[in-house]
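Step one of this worksheet: look at the structure below.
What follows is calculated from the coordinates using simple rules that are stated; it is not laboratory data. Small disclaimer: the values here were computed from a predicted structure and weren't measured. Note that we place each Cβ from the backbone using ideal geometry, even for glycine, and neighbour counts take in every protein chain shown.
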Amino acid sequence: MTSAIAAFPLRLVDGCGLEPRYRDVLRPGATLVDHRGYARRLPRWFYEVHSWEQARDTYLAPHFAVSEFIHTDVRETPALRVFPRYVPCAITLLALALERLREEVGTYVYVGANGGYCSPLHSRIGGASPHCWGTAANIYRVGDTYLDNQDDIARYAIIAQQTLPTVWTRPLGPELAKTDDHLHLDLGYVISEPREAVGISNDVRLAGDPL
Ligand SMILES: [Zn+2]
């Protein structure tokens with residue numbers, strides 16, 4: 001006997017179609033500049049989370065619920081500190097990456113407050129941070145080990161790099177843009193456009209054979 005698979009519960013939304021108070025902070029499709037001066041386009045498609053209960057009950061990977069990625073405080077802009085909340089669709093890929101890392105280390109992987117998705121207006125965001133793409137995580141603890149020293153951060157950064165070959169981890173150090181109290185890892189400026197998302201062209205001449 002086969003059991004039915006429940007539909008993914010989060011509503012897919014076009015950020016460009018949201019009310020101005022959300023558009024102004026999510027800035028769908030707008031451009032941010034990274035620390036090297038390169039333009040990076042922000043995501044346009046988001047999942048809508050209507051309550052904390054839904055965030056807690058919606059798993060993106062076996063051990064990572066949506067709630068892991070939306071712990072923010074007063075540093076986040078007010079419109080995104082109440083529900084509904086919005087997360088870029090690529091957050092599902094981050095959850096899979098963290099699940100793979102968790103499998104490798106064989107224990108819990110904890111994402112810190114303000115360490116998952118952050119809007120471009122979050123006070124800690126300066127320019128194009130992959131946190132605004134939903135593809136970055138600040139890990140402050142692995143199992144019983146707190147990543148509050150360079151030795152432990154470096155140890156888990158190496159494991160992350162070996163496990164996720166294209167991952168980027170923030171360099172160690174006390175200076176700005178470095179880290180000495182958590183492990184930052186990210187997948188880069190990944191944009192996820194689910195099949196249900198309406199694309200920008202409906203020109204059938206561009207349609208090829210389905211693969
Ligand atoms: Zn970070």
Checklist entry - To the nearest 20 debye, what charge dipole does the stretch 1-137 have about its Cα centre, counting +1 at the Cβ of each Lys and Arg and -1 at the Cβ of each Asp and Glu? => result 440
Checklist outcome for this item: So the angle from the long Cα axis of helix 150-163 to the longest Cα principal axis of the chain, reported in degrees to the nearest 10, equals 40
Next on the checklist: Quick check: residue separation of THR31 and ASP57 times 0.36 nm, minus the Cα distance between them. What number comes out in nm?
Outcome noted: 6.1 nm
Next on the checklist: From Cα pairs below 8 angstrom and at least 6 apart in sequence, can you work out the relative contact order of the stretch 11-191, rounded to a whole percent?
Outcome noted: 19
Next on the checklist: With a cap of 16 neighbouring Cβ atoms within 10 Å, and only residues DSSP puts in a loop, list the chymotrypsin sites (Phe, Trp or Tyr not before Pro) found in the stretch 79-132.
Outcome noted: TYR108
Next on the checklist: As I understand it, the dipole of the stretch 47-128 uses +1 on the Cβ of Lys and Arg and -1 on the Cβ of Asp and Glu, about the Cα centre. Which of ALA128, VAL87, GLY116 lies farthest toward its positive end?
Outcome noted: ALA128
Checklist entry - Using the Cα gyration tensor of the stretch 1-94, with a ≥ b ≥ c the square roots of its eigenvalues, what is the shape: rounded (a/c below 1.5), prolate (a/b larger than b/c) or oblate (neither)? => result prolate
Checklist entry - Gap in Å between the Cα centre of the stretch 72-99 and the Cα centre of the stretch 1-59? => result 8
Checklist entry - Could you give the angle, 0 to 90 degrees to the nearest 10, between helix 91-105's Cα long axis and the longest principal axis of the Cα atoms of the chain? => result 30
Checklist outcome for this item: 1/(1 + (r/R0)^6) with r = Cβ-Cβ of PHE83 and ASP181, R0 = 30 Å, i.e. FRET efficiency to nearest 0.05, evaluates to 0.55
Checklist outcome for this item: Calculated from DSSP helices alone, with each H run of at least 4 adding -39500 (n - 2.57) and the total divided by the residues of the chain, [θ]222 nm to the nearest 500 comes to -6000 deg cm²/dmol
Next on the checklist: Could you compute the longest span of the chain free of GluC sites (Glu not before Pro) located in DSSP loops and having at most 11 other Cβ atoms within 10 Å, not counting the site residues?
Outcome noted: 1-174
Item to check | Tensor-based shape of the stretch 28-74 (alpha-carbon gyration tensor, a/c under 1.5 rounded, otherwise prolate or oblate) | outcome: prolate
Next on the checklist: Using +1 at the C-beta of Lys and Arg and -1 at the C-beta of Asp and Glu, which of SER67, ALA154, THR166 has the Cα lying farthest in the positive direction of the dipole of the stretch 65-211?
Outcome noted: SER67
Checklist entry - So in the stretch 11-191, what percent of DSSP beta bridges are antiparallel if you round to the nearest 5? => result 95
Next on the checklist: Run through the stretch 7-68 and list the trypsin sites (Lys or Arg not before Pro) located in a DSSP loop whose Cβ has at most 11 other Cβ atoms within 10 Å.
Outcome noted: ARG36
